[in-house]
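Structure, as structure tokens:
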Amino acid sequence: MDVILIPGFWLDASSWQRVTPLLEEAGHRVHPLTLPGLESAGADRSDIGLRTHIDAVVEVVDGFDEPVVLVGHSGGGTVAHGVVDARPDRIARVVYVDSGPVAEGDVINDDLPVEGADLPLPPWEAFSDEDLVDLDDGLRSEFRARAVPQPSAVATDPIRLGDERRYDVPITIIACEFPSRLLAEWIAADAPMTRELAKVEQVNYVDLPTGHWPQFTRPVELGQTIAAALAD
């Protein structure tokens, strides 16, 4: 399969570099993306919003003759969901890495501190303990050194969805900082954050216990888990 890897906030295509070989060994063609505004710290992010990122991935999807797999980490999962809504007949599966589909009108995160058009990587104290599991000092230094400010509007723009065929596309949730049993409990309780997920017809859950950035903390296991999801 052609597998499109969509990074989360502050990250570019290189953030998948320890995961990509595992997918290639499984026989897949892997396409890690750098989304608009993440090309460099000095990139112009003033006119980049969530729709810009969705449209950029849609353009990549349209370049393939056959349906593709989307893998979205964190905020990249919201981008992936927007692409599924735009091209439900072109997506074979979506793998959400510590993320999931969000509902019409929701935003990724409007609580993060922004600096104009930029959303810099916050200090580690701003994250929860669950986020930072296994992210040791060396990995934190590596992450901060590679981090690029996120276009702030990507975090705060509400997602716009319109094609209910998105619910027909099978998905896999790789649950990291919170176990999948909690997702099941939240769905049963009709929690707002899982209402869109509850409408998807076919969902597989896989637990990969670690923090919010498994591509750094457990890259081999993440690659193997994604490959297994595609084999299924």
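When a/c is below 1.5 the answer is rounded, else prolate if a/b is larger than b/c, else oblate, so apply that to segment 24-70 with a ≥ b ≥ c taken from the square roots of the Cα gyration tensor eigenvalues.
Working: a/c = 3.78, a/b = 1.78, b/c = 2.12.
It comes out oblate by the Cα gyration axes.
Under the rule of at least 5 residues apart or a separate chain, name every residue whose amide H is placed under 5 Å from the amide H of residue 118.
Hits under the 5 Å cutoff: 152.
So how do 216, 127 rank on accessible area, 1.4 Å probe, biggest first, that is with the largest at the start?
127, 216
For segment 195-204, take each phi angle, set θ = phi - 60°, evaluate the Karplus expression 6.51 cos²θ - 1.76 cosθ + 1.60, and give the result in whole Hz per residue in order, putting x for glycine and proline.
Rounded to whole hertz, the list is 5, 5, 4, 5, 8, 6, 5, 10, 10, 10.
With every protein chain kept in place and ligands, DNA and RNA left out, what is the accessible area per residue of segment 20-118? Probe 1.4 Å, answer in Å².
42 Å²
Might you tell me the accessible area per residue for segment 125-228, computed with a 1.4 Å probe and given in Å²?
48 Å²
Where the accessible area of the chain is counted over protein heavy atoms with a 1.4 Å probe, how much of it, in %, is carbon and sulfur?
Numbers: 4820 of 10040 Å².
Of all accessible area on the chain, carbon and sulfur atoms account for 48 percent.
Please list, ordered by chain and number, the residues whose modelled amide H lies under 5 Å from the amide H of residue 106; skip anything fewer than 5 residues away on the same chain.
HN-HN under 5 Å from residue 106: 159.
Where a ≥ b ≥ c are the square roots of the eigenvalues of the C-alpha gyration tensor, would you call segment 1-94 rounded, which needs a/c under 1.5, or, failing that, prolate if a/b is larger than b/c, or oblate?
In terms of gyration-tensor shape, oblate.
From the backbone phi of segment 16-32, what are the Karplus-calculated ³J(HN,Hα) couplings (6.51 cos²θ - 1.76 cosθ + 1.60, θ = phi - 60°) in whole Hz, Gly and Pro given as x?
Those phi angles translate into 9, 5, 8, 9, 3, x, 5, 6, 5, 5, 7, x, 8, 9, 10, 10, x Hz.
Could you derive backbone 3J(HN,Hα) for segment 92-103 from the dihedral phi with the Karplus parameters 6.51, -1.76 and 1.60 (θ = phi - 60°), listing whole Hz in sequence and x where the residue is Gly or Pro?
Couplings: 7, 6, 10, 10, 9, 9, 6, 7, x, x, 10, 8 Hz.
Might you work out the accessible area of residue 46 for me, using a 1.4 Å probe with all protein chains in place, and round it to the nearest 10 Å²?
It works out to around 70 Å².
For segment 138-232, taking Cα atoms only, what is the radius of gyration to one decimal and the Dmax to the nearest whole Å?
Radius of gyration, then largest Cα-Cα span, for segment 138-232: 15.9, 44 Å.
Hey, could you get me the Stokes-Einstein D for the chain, Kirkwood radius over alpha-carbon pairs, 4 °C and 1.567 mPa s, rounded to whole µm² s⁻¹?
Here the translational diffusion coefficient equals 74 µm²/s.
Taking the full set of protein chains and a 1.4 angstrom probe, give the accessible area of residue 31 in square angstrom, rounded to the nearest 10.
50 Å²
Given R₀ = 30 Å, what would the calculated FRET efficiency be for residue 144 paired with residue 207, taking r from the Cβ atoms and rounding to 0.05?
0.60
Check which residues have an amide H placed less than 5 Å from residue 132's amide H, if you skip close sequence neighbours.
Residues meeting the criterion, in which the H sits 1.01 Å from N, are 212.
The values are calculated or read from the model by the stated rules, or taken from the named source; none is laboratory data. Note that the coordinates shown come from a computational prediction; the quantities given were computed from them, not determined experimentally. Neighbour counts are summed over all protein chains in view; Cβ atoms, including those assigned to glycine, are modelled from backbone coordinates with ideal geometry. For the accessible areas, the whole protein counts, side chains as well, though only heavy atoms, and no ligand, DNA or RNA atoms are used. Shrake-Rupley method; radii C 1.70, N 1.55, O 1.52, S 1.80 Å.
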